[in-house]
Amino acid sequence: MNVLISLRRWPARRWLVALGTAVATYLFIALPTDLVPNPVFGREIPPTAWSYWALALSAVLSGLLAATYVATPEEAKAQRDGRLGMAGAFVTFFAVGCPVCNKLVLLALGYTGAIQFFEPIQPYLAVGAIVLLGWALVSRVRNEYACTLPTRERVDA
């Protein structure tokens, strides 16, 4: 079944969950990475223009993916897809964050290494995160209306 047709069939409850999760995901990542200026967090290197778009797209995909877990007519059975979505959201945090503000990156690479090695790969991390989230979403939506075969009980005589 076409993914867009499946999305059109969603009830309002799913769309509300998608919207709420997308906003929450955006804020959950944007506040500590200082993409949304706030008095608690700061960054030494200003964000790139693509960071906002990558985060927005990742947040929308995360919201849609979360909405696939809202009660459906038939249960989707793919568990791996949820892991891909979680990985995508996790990678987004590293992709849009300040390379020298991330303690894990600083511990692994140091200040110079974070700027020389980690900052140039951040756009690729963003693309990877979006691909993971998109793959998980398409897989969940396709599996949602997939025909499942009933299991037969095995009788040992």
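Since every read-out is calculated from the coordinates, none of them should be taken as a lab result. Here the structure is a predicted model, which is why all the values come from computation and not from measurement. In this analysis, Cβ positions are derived from the backbone assuming ideal geometry, glycine residues included, and neighbour counts consider all displayed protein chains.
Values as computed for the structure displayed
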read-out	value
Residues whose placed amide H lies under 5 Å from that of Leu31, excluding near-sequence neighbours	Val36
Gained length - Val131 relative to Asn38, 0.36 nm times residue gap less alpha-carbon distance	30.5 nm
FRET E, pair Val3, Glu119, Förster distance 35 Å, beta-carbon r, rounded to 0.05	0.55
Two-site label geometry, Leu106 and Arg142: point separation in nm, points 7 Å out along Cα→Cβ	4.3
